[in-house]
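Asks: Let me begin by handing over the structure; questions about it come next.
The values are calculated or read from the model by the stated rules, or taken from the named source; none is laboratory data. Source: prediction; values computed, not measured. Note that each Cβ is placed from the backbone with ideal geometry, even for glycine, and that neighbours are counted across all protein chains shown. All accessible areas refer to the heavy atoms of the entire protein, side chains included, with ligands and DNA or RNA removed. Shrake-Rupley method; radii C 1.70, N 1.55, O 1.52, S 1.80 Å.
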Amino acid sequence: MNPFQYRSDIDGLRAVAILLVIAGHYVPDLLASGYLGVDIFFAISGYVVTGSLLGNASGTILAQLTGFYRRRIKRIVPALLMMIVLTAMVAAWVSGPTLYEGVADAAIFALFGVGNYYFLLSDSDYFSNDVSDNPFVHTWSLGVEEQFYFVFPFFILLSAWSARKSSIRGHVILFFMIASIAYSFYVRQDDPLSAFYTMPCRFWELGGGAYLCLLRHQYPEWFAGRSTGVARLRPLAAIVMIVGGLMLASYDKNNLLLPQLLVVAGSLIVFACREESSWLNQWIAFAPIVWIGKRSYSLYLWHWPVYRMAVSFFPQREATVLAGAFGVVVVLALLSYRVERAFIDWRPGHERSVLLLFPSGALLVGLLIAGALKPFNHSIWGGGSRSLPTPWWQNPCHLTSFASGDVQRCLNPLGAQRKGKKVLLIGDSHAANYYTAFRKLEEAFSYSLHLMSIGLKYHGCTIMPEPFIARFDERSARTLRAARMCTQYNQAILDFLASDAIAEGDVVVVGIYHLYTLAEQNGIPRQAMIDLLNRMAALLHERKALLVMMSDVPLLARHPSACVRPGWRAPQFIPRQCGVDEPLFQYGVAALHDIYKSVANTNFNAFFIDVHDFFCKDGYCDAFKDGKLLFADINHISVEANLMLAPAIAARFAEIMEMAKPSSSP
């Protein structure tokens, strides 16, 4: 068999891959590991792209490269631009400003082939609820493939300069495949997001398909023999490997390397089988299956955006809703496929002008999203600026790494020249949650506000006893570098509180994410937390300073913007869709608030500010109050909420200042 000729069974395998992906997203209860269909796509891409490069190896290196990229652009870019434009336009109408910020940014990254790096740089776990609200999350895999296309052709074509280089390129690919597997195994221990999203950690999957194509090219006799008894077992082995990988991944999605190895190995066995002699290859080459496979790219582009829009309107995910969404996907995919075929068949006067389609199209769509759709989204949502994440996200003292100099830079910038009291906001992002509210009170209480919160990958650095820092969530237990940094942060805070930088009248405000203090989740003893906060209070007492502990906010069931609809005059809120039942919230924060109350009762300079009643009413904690969006995401409050909270915090803060005054002698 000519390794470069069209193979209908590969289109059949594409159909299997896309059906797995769609099933995994639409009916996860039946096939939770369907996302491994993407790994099959990676193997197919490596095989097909290598065949395309070797099968068109005529002319100069430059001509071959431009020919390859011209074919890829025609195949990928028009349908991608169509999906991004239409999805971004619909999302601008149905998504609140908080959610649309992430949607628009993800779209722009996807336009330039780096969608995977948007989700990596934003620390977005593919399996988290926050990420699943983004209609462009599926573009991460397109980014991996496009980055592979950018690098790999140079190696294949340059290695064809001589017979000697051509003979060793298979060994070079094999070497980099092994290196990629080893690197992926190493990285996922400390940085699972990089192992999931980045091309170097995924190269072995694409390289596997490329390597097999090279073998078929260099040693066709290995694949041309008659089927023996052992060879007839290869289709069965492929099925066992793919099904086995899917079953393993359904049990543990945090350890995907073995399931991925099995699925990719099964796909490579399918490539190695001869279509005319393998019952499996003949089965997947059945015309209706091939028909689906030829449209798999368009189906992949549309299946996730349509699903996200559907479930945002109908969160119950009823069967009729899913069936209707799938019908819309099929219609859009057929239209998208027609666009794709029209551009593939397009023969402009100057073929190289096709190369301008990618940068010019991406630039125009990017300008449309940033210059028109973002302002449109904000305008129909009543301005929306106060619904955006609170300014601490952009504050240079909300740290993503920690160095000893950060303490002086953030908490004591005025040094000896300071005037008046200081309020120091320390902890993780749940301390920074209240930054805008305390900033609002600066003038009234004559203090200067200083923030030093820290948020690393997977978690922030909260105020926590040192032995338990590395244990406060499942992933960070393996993230030793982050745990060490959090230990350094905690020690630096304690050292600072004991220093001359703290003066009489200063206030240290502490906020902690309540999930870190659930003993049944991470085994942190209640008494250890009390002892640490008591120690902080004692250090502050020596300086005649105060410790204020802020209650935590509810953890919503869904992203709040998914429960809002735009209106011509004001946004329309869907009640009781994103919030949480009050008893469940109380259970979650009870351990933390009991700790705060114990510390406040023990130390006369320690106080607890409880804003629980602001968020919860009639047994339910909603994402909205008085027609205002309270949350920026599922567990961080908006600027609007801060402004609404400021009077209540001010009243309690005034009480604390009054109680902290030295009592006068009779």
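Asks: I'd like to check something: does the stretch 25-41 contain any residue that is in a helix (DSSP H, G or I) and more than 30 Å from ALA319 (Cβ to Cβ)?
Replies: no
Asks: Let me ask something else about it. Would you check if there is a residue in the stretch 620-638 being surrounded by fewer than 18 Cβ atoms within 10 Å (Cβ to Cβ) and assigned to a helix (DSSP H, G or I)?
Replies: For the stretch 620-638, residues surrounded by fewer than 18 Cβ atoms within 10 Å (Cβ to Cβ) and assigned to a helix (DSSP H, G or I): absent.
Asks: In the stretch 244-273, what count of residues is obtained for those that are modelled with pLDDT of 95 or more and surrounded by fewer than 15 Cβ atoms within 10 Å (Cβ to Cβ)?
Replies: Adding up the residues that qualify gives 0.
Matching residues to (1) in a loop (DSSP other than H, G, I, E, B); (2) within 22 Å of PRO28 (Cβ to Cβ):
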site: HIS217; (1), (2): no, no
site: ILE242; (1), (2): no, yes
site: LEU246; (1), (2): no, yes
site: LYS253; (1), (2): yes, yes
site: LEU261; (1), (2): no, no
site: PHE271; (1), (2): no, no
site: GLN282; (1), (2): no, no
site: LEU299; (1), (2): no, yes
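Asks: So which of TYR47, TYR69, TYR6, TYR35 is of a type in the set (Ser, Thr, Tyr), on the phi < 0 side of the Ramachandran plot and buried (at least 23 other Cβ atoms within 10 Å of the Cβ)?
Replies: Of TYR47, TYR69, TYR6, TYR35, the one residue that is of a type in the set (Ser, Thr, Tyr), on the phi < 0 side of the Ramachandran plot and buried (at least 23 other Cβ atoms within 10 Å of the Cβ) is TYR47.
Asks: Assess whether ALA107 counts as being open to solvent by less than 20 Å² (accessible area, probe 1.4 Å) and within 21 Å of PHE136 (Cα to Cα).
Replies: When the stated conditions are applied, ALA107 passes them.
Asks: Out of ILE595, ILE649, report the one residue that is open to solvent by less than 60 Å² (accessible area, probe 1.4 Å), among the β-branched types (Val, Ile, Thr), touching a Ser or Thr at 6+ places or on another chain (Cβ under 7 Å) and at pLDDT 85 or above.
Replies: ILE595
Asks: Let me ask something additional. Looking at PHE607, is it under 21 Å from MET549 (Cα atoms) and open to solvent by less than 50 Å² (accessible area, probe 1.4 Å)?
Replies: So PHE607 passes the test.
Asks: Of the residues that make up the stretch 560-577, is at least one closer than 24 Å to ASN635 by Cα, open to solvent by less than 50 Å² (accessible area, probe 1.4 Å) and at pLDDT 80 or above?
Replies: No, because not a single residue in the stretch 560-577 is closer than 24 Å to ASN635 by Cα, open to solvent by less than 50 Å² (accessible area, probe 1.4 Å) and at pLDDT 80 or above.
Asks: Sticking with this structure for a sec: Residues of the stretch 377-434 being assigned to a loop (DSSP other than H, G, I, E, B), modelled with pLDDT under 75 and either among the acidic types (Asp, Glu) or within 26 Å of GLU504 (Cα to Cα) (or both), which ones?
Replies: Result: SER404, ASN412, PRO413, LEU414, ARG418, LYS419, GLY420.
Asks: Against the definition (among the β-branched types (Val, Ile, Thr) and open to solvent by 20 Å² or more (accessible area, probe 1.4 Å)), how does ILE61 come out, yes or no?
Replies: Answer is yes for this residue.
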